[in-house]
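The values are calculated or read from the model by the stated rules, or taken from the named source; none is laboratory data. All values reported here derive from a predicted model rather than from experimental measurement. Every residue, glycine among them, receives a Cβ derived from its backbone with ideal geometry; neighbour counts consider all protein chains shown.
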Amino acid sequence: MNLIELERGEDIISKLPNHVLGHILSRLDTKDAVKTCVLSSRWKDLWTLIYNLHFKYLENVKDGGSSSFENFVDKVLSRCQSQEIQDFFISFHFSDDTGILSRVAPWICFAIEHKVQNMEINAFYNPPDEEWLPIRLPQSILTCKTLVMLNLSSGDCDFVFDIPDSVVCFPCLKILHFEAHRSNSNLMQKFFRSCPVLEELTIRVDIEYNENVLTFDITVPTLKTLEIHLEPDWKGTRGSIHKFVVRARNLERLYISDDTLASFVINETPYISDASLDGCFNC
């Protein structure tokens, strides 16, 4: 490339090596990266080199509906040439079991098989009634050795998986953002304790009405940053005062936002330098 080529208006970008163009296309939204295939024969298959995959589906958009979205994701994954996926992001809204849910696990498995580092799954369910829907994740996600960041966000549905007692889970996970709408203290306790190198944890929980006191035990020795966001269930009702016990001896930053009158016990945290509390508390 030189000044003469620039002055002539020559296509110098297309002359870049494939791996450089793949790097550039990976910075685009996946849908836009795929569209570059129409530029010329040179660009026809370059999008298959991308290593960041971002998929987003909004219900009722004029793109052929959920089946079109599913087919697009399947097509991209089937043609992806990258051996390692850096970012895998998928977000979708739905009002019934449109078939997307049955595809989520295979999509996640693809990312895991391609050594994904950062994964974000956003699933927003608009139930026709007061229905709650679980989204089961593949067991292979528990033992993924490359996953460093995991963000699970949902609306009126929850991500579920079975965590065995005898297996070390999430061996390299350092950042976890987790949202739950059906508060299960035992599952969350088991989940957090299964992350041996976790450093940053953000949890958002809708606290349902419950006559029994629930105890949420957050024991993570490696944790440095903890954010807890609590809201009463959609009915706005409150039951017994639930208890959160935090044991994180390396904790440096703590943020709690609570409108559920929960009780918090913070133990063994000598290194806290930044703490913020919002809402109504029982201490």
Of all residues making up the range 236-259, the number that are at pLDDT below 85 and either aliphatic (A, V, I, L, M) or more than 25 Å from the chain's Cα centre (by Cα) (or both): 8
Residue within the range 149-166 that is of a type in the set (S, T, N, Q), outside any loop (DSSP other than H, G, I, E, B), modelled with pLDDT of 75 or more and surrounded by fewer than 17 Cβ atoms within 10 Å (Cβ to Cβ) present: yes
Output for the range 119-148, where each listed residue is of a type in the set (Asp, Glu) and either at pLDDT below 80 or buried (at least 18 other Cβ atoms within 10 Å of the Cβ) (or both): Asp129, Glu130, Glu131
Test: residue in the range 175-192 that is modelled with pLDDT of 75 or more and in a loop (DSSP other than H, G, I, E, B): no
Pairs, first over 12 Å from Leu49 (Cα atoms) in the range 13-30, second surrounded by 12 or more Cβ atoms within 10 Å (Cβ to Cβ) and basic (Lys, Arg), C-beta under 6 Å, six or more apart: Ser14/Arg42
Within the range 31-59, tally of residues that are of a type in the set (Val, Ile, Thr), over 16 Å from Gln83 (Cα atoms) and touching a helix residue (DSSP H, G or I) at 6+ places or on another chain (Cβ under 6 Å): 2
Close pairs (6 angstrom Cβ cut-off, 6 or more residues apart or separate chains): over 13 Å from Arg27 (Cα atoms) and at pLDDT below 95 in the range 38-58, aromatic (Phe, Trp, Tyr) and assigned to a helix (DSSP H, G or I) anywhere: Tyr57/Phe69
